[in-house]
Amino acid sequence: MIELNQLCRTFMLGDQAVHALDNISLSISPGEYISVMGPSGSGKSTLLNVLGLLDVPDSGQYRLNGTDTTALSDNARARYRREHIGFVFQSYHLVPRLTARENIELPLVLAGVAPAERKRKVTAILAQLSLTERADHLPNQLSGGQRQRVAIGRAIVMQPRLLLADEPTGNLDSQSGSDVVNILEQLNRQGITLLVVTHDSALGQRARRHIRMVDGRVVADQPPGSAAQASHA
Amino acid sequence: MRSADLLHFNLQVLLRHRFRSLMILLALAIGVAAVNLLTGLGEGARAYVLSQFSLLGNNTLIMLPGKKETSGGMPPLTGESPRDITLDDAAAIARLPGVTAVAPMLVGISEVRFNARARDVVIAGTSSDYFRIRQLSVQQGQPLPTVALDTASPVAVIGSTVKRELFGNAPALGQWLKAGDRRFRVIGILDSKGQAMGMDMNDIILIPVASAQVLFNQPGLFRVLIESDSSAAIPALKQQLVQLMQRRQDGVADITLVSQDAILSAFGNILTTLNLAVTGIAAISLLVAGILIMNVTLISVSQRTAEIGLLKAIGAANSDIQTLFLSEALLMALLGAGAGMLLSELGLLAMRLRFTDLAFHTPWWARLLALGIAVATSLLFAWGPARRAARLSPISALQSRAN
Ligand SMILES: Nc1ncnc2c1ncn2[C@@H]1O[C@H](COP(=O)(O)OP(=O)(O)OP(=O)(O)O)[C@@H](O)[C@H]1O
Ligand SMILES: [Mg+2]
């Protein structure tokens with residue numbers, strides 16, 4: 001599903017080059033559950049952003065479902081993000097003036113889905129995430145755990161095949177954190193490819209494949225060779 | 001994105017920032033209202049002047065006593081009152097070739113009585129030619145008799161209001177009424193006619209000009225209406241009149257000649273000035289609105305940076321973001337222009353109710369122009385910020401702490 005070949009991403013901080021991604025080669029199969037861990041500044045978020053087509057590598061190849069993504073236009077990348085990739089962020093990034101329902105609905109609105117179908121899909125997702133009662137609340141009327149569940153709802157409402165979560169439990173207490181993790185793992189069991197960046201080693205250990213990064217390089221990939229790990233090929 | 005969703009999305013943004021939206025709407029509305037109101041007033045005034053002076057055909061001249069300096073500079077400081085135009089002058093004018101009608105006028109106000117009823121009425125001394133030049137007709141009786149100008153016969157043609165006020169439903173023809181210390185026999189009643197050239201033709205009494213000279217004890221004429229056989233002959237006639245009056249007034253033609261053309265072209269100049277003023281006011285207020293829109297869109301973009309990053313993350317292309325911000329500006333332009341039009345329509349309605357004679361209406365071209373300018377300003381000034389928003393890198397946008 002995902003093929004990374006000698007991927008590099010370098011930022012210039014003043015006149016100093018920071019190699020956020022340093023010759024990364026990885027391959028990820030559909031349905032995998034992967035955790036990405038490593039010290040702060042090791043390039044985990046950068047990797048996630050490149051995988052999510054939010055950032056473009058300076059060199060190397062990124063093939064997504066066989067397509068070379070580095071050649072895609074902005075419109076095509078936006079379309080890929082919309083249809084195939086879901087993001088969950090540490091700080092939720094909900095639109096404050098929109099209700100929980102409207103936030104979840106947003107990708108469907110951008111995609112031009114008809115209102116009736118939107119309503120059906122969002123209602124189903126609200127129920128799936130136990131948010132039905134909170135549907136008409138604004139984000140500032142929700143707890144952290146509820147907000148992150150809304151964000152997950154928004155990430156999966158387009159039924160993407162790849163879900164990227166950057167420290168999804170970083171702002172949550174342990175109870176709501178484990179609720180969120182349960183939801184993510186349940187989505188993975190239903191077939192979605194899940195990549196979680198985390199500092200929490202307990203959470204990291206739950207994944208079936210562990211990638212460890214230091215200074216922009218993959219220093220450990222356990223169990224290496226992902227193909228064997230694919231449970232939903 | 002569907003347009004209904006786009007509209008809904010933008011309305012939510014505008015509602016969320018009520019004060020900011022109101023300021024912009026106000027600026028846009030003032031600009032649009034200024035254009036509509038001023039052109040509406042100008043059009044109303046133009047239509048009024050046209051209706052007043054079109055009654056005076058384009059082959060008619062008005063001669064007034066006294067010289068009006070049109071070439072600029074100070075009038076001669078003689079302190080003398082202008083020379084009178086006499087009845088003899090009018091008779092001489094009537095003898096000029098090409099002159100088909102001459103109506104001398106001497107106007108005053110006098111108390112008019114019939115039995116116990118009395119009221120102050122405008123009395124105009126003139127001749128039978130006046131009926132021809134002003135296209136007046138009588139509903140009963142006959143117009144002023146065609147006699148020599150200096151014949152002071154005691155007859156009067158009265159307007160319909162005068163008839164009603166003095167006689168009620170009783171017949172007026174043949175009755176004698178008293179004006180000042182003189183008596184006049186009513187020989188005709190004018191057809192109902194509106195206001196024209198500042199005189200209410202319903203509330204007037206017409207008598208022979210020689211009678212008016214005696215009644216008001218004044219020999220000089222107030223003005224002379226002169227009709228030529230063709231409008232093409234008017235410039236030549238003007239020269240002939242000046243020459244004639246020069247001869248008759250010992251070398252100085254102390255008169256002013258006014259033609260419909262002159263009045264309308266003078267008014268045209270005023271309208272041009274007015275239009276320039278309108279354009280200026282509109283330009284200023286719309287510039288203000290434009291700068292407001294630019295600033296607000298900039299603020300909106302920076303306040304919503306994180307939101308832009310998010311929208312990109314969930315699949316909005318650069319062009320979608322640009323559409324989002326441009327349509328927000330467009331929506332504001334339309335709402336502002338709508339409010340401005342409503343305001344100006346209410347203003348003009350009030351003016352129409354106050355001045356019933358004047359038809360104040362904004363012409364369609366002005367409405368479209370104001371709307372077009374408002375929309376163009378909004379889009380023009382929102383363009384830059386919207387482009388900036390569209391080009392934001394989604395990652396740094398997401399990292400912004402503004403939200
Ligand atoms: N937009 C940027 N401009 C300059 N440098 C950047 C930018 N984004 C990331 N970096 C640098 O690249 C490196 C990797 O950053 P990244 O955010 O991927 O780390 P991370 O592993 O996610 O860290 P953390 O655990 O703190 O989130 C860091 O040194 C960071 O300073
Ligand atoms: Mg990070």
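The values are calculated or read from the model by the stated rules, or taken from the named source; none is laboratory data. What you see is a predicted model; the values in this text were computed from it and never measured. Counting neighbours? That spans all protein chains shown, and the Cβs are built from the backbone with ideal geometry, glycine included. Ligands, DNA and RNA are excluded from the accessible area calculation, which covers all protein heavy atoms including side chains. Shrake-Rupley method; radii C 1.70, N 1.55, O 1.52, S 1.80 Å.
Here is how the numbers come out for the structure above:
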item	result
Heavy atoms of residue B:15: accessible area, 1.4 Å probe, square angstrom to 10	110
Size-normalised alpha-carbon gyration radius of segment B:100-180, reference 2.2 N^0.38 Å	1.12
0 to 90° range, to nearest 10: angle between helix B:234-248 axis and chain B longest Cα axis	50
Efficiency of FRET between residue B:364 and residue B:23 - r from beta-carbon atoms, R0 22 angstrom, step 0.05	0.15
Area of residue B:167 that stays accessible when all protein chains are in place (1.4 Å probe, Å², to 10)	10
Value of relative contact order over chain A, rounded to a whole percent, pairs C-alpha under 8 Å and six or more apart	31
Segment A:176-222: translational diffusion in µm²/s, Stokes-Einstein, Kirkwood Rh over Cα pairs, 20 °C, 1.002 mPa s	183
Estimated [θ] at 222 nm from DSSP helical runs (n ≥ 4, -39500 (n - 2.57)) normalised by residues in chain B, nearest 500	-18500 deg cm²/dmol
Packing-based order for B:41-50, A:128-137, B:21-30, using average beta carbon neighbours within 10 Å, highest first	B:21-30, B:41-50, A:128-137
Degrees separating the helix B:318-354 axis from the principal Cα axis of chain B, which is the longest one	20
If the convex hull is drawn through the Cα atoms of segment B:83-253, its volume per residue in Å³	110
Folded to 0 to 90 degrees: helix B:364-391 orientation relative to chain B principal axis, Cα	20
Estimated 222 nm signal from helices in chain A, with DSSP H stretches of n ≥ 4 weighted -39500 (n - 2.57), rounded to 500	-10500 deg cm²/dmol
Distance between modelled label sites at residue A:130 and residue B:191, nm, 7 Å Cα→Cβ extension	9.2
Inter-probe distance in nm under a simple model that places probes 7 Å from Cα toward Cβ, at residue A:61 and residue B:176	12.5
Anisotropy class of chain A from Cα gyration tensor, a/c 1.5 cut	prolate
Cα pair count fraction exceeding 21 Å, expressed as % - segment A:85-153	15
Solvent-accessible surface ranking, highest first, for A:97, B:117 at 1.4 angstrom	B:117, A:97
P(r) weight above 40 Å for the protein assembly as shown, C-alpha pairs, percent	56
10 Å Cβ neighbours from other chains, averaged over peptide A:44-53	2
Residue B:252/residue B:118 FRET efficiency (R0 45 Å; Cβ-Cβ; nearest 0.05)	0.55
Amide N of segment A:197-216 lying under 16 Å from the label point, which is placed 7 angstrom from the Cα of residue A:19 along Cα→Cβ	A:213-216
√(5λ) per eigenvalue of the Cα gyration tensor, segment B:235-389, largest first, Å	57, 17, 11
Averaged over B:303-314, number of beta-carbon atoms from partner chains that fall within 10 Å	6
Shielding of A:76-82 by partner chains, average beta-carbon count, 10 Å	5
Convex hull volume of segment A:97-233 per residue (C-alpha atoms, cubic angstrom)	134
Tensor-based shape of segment A:1-47 (alpha-carbon gyration tensor, a/c under 1.5 rounded, otherwise prolate or oblate)	oblate
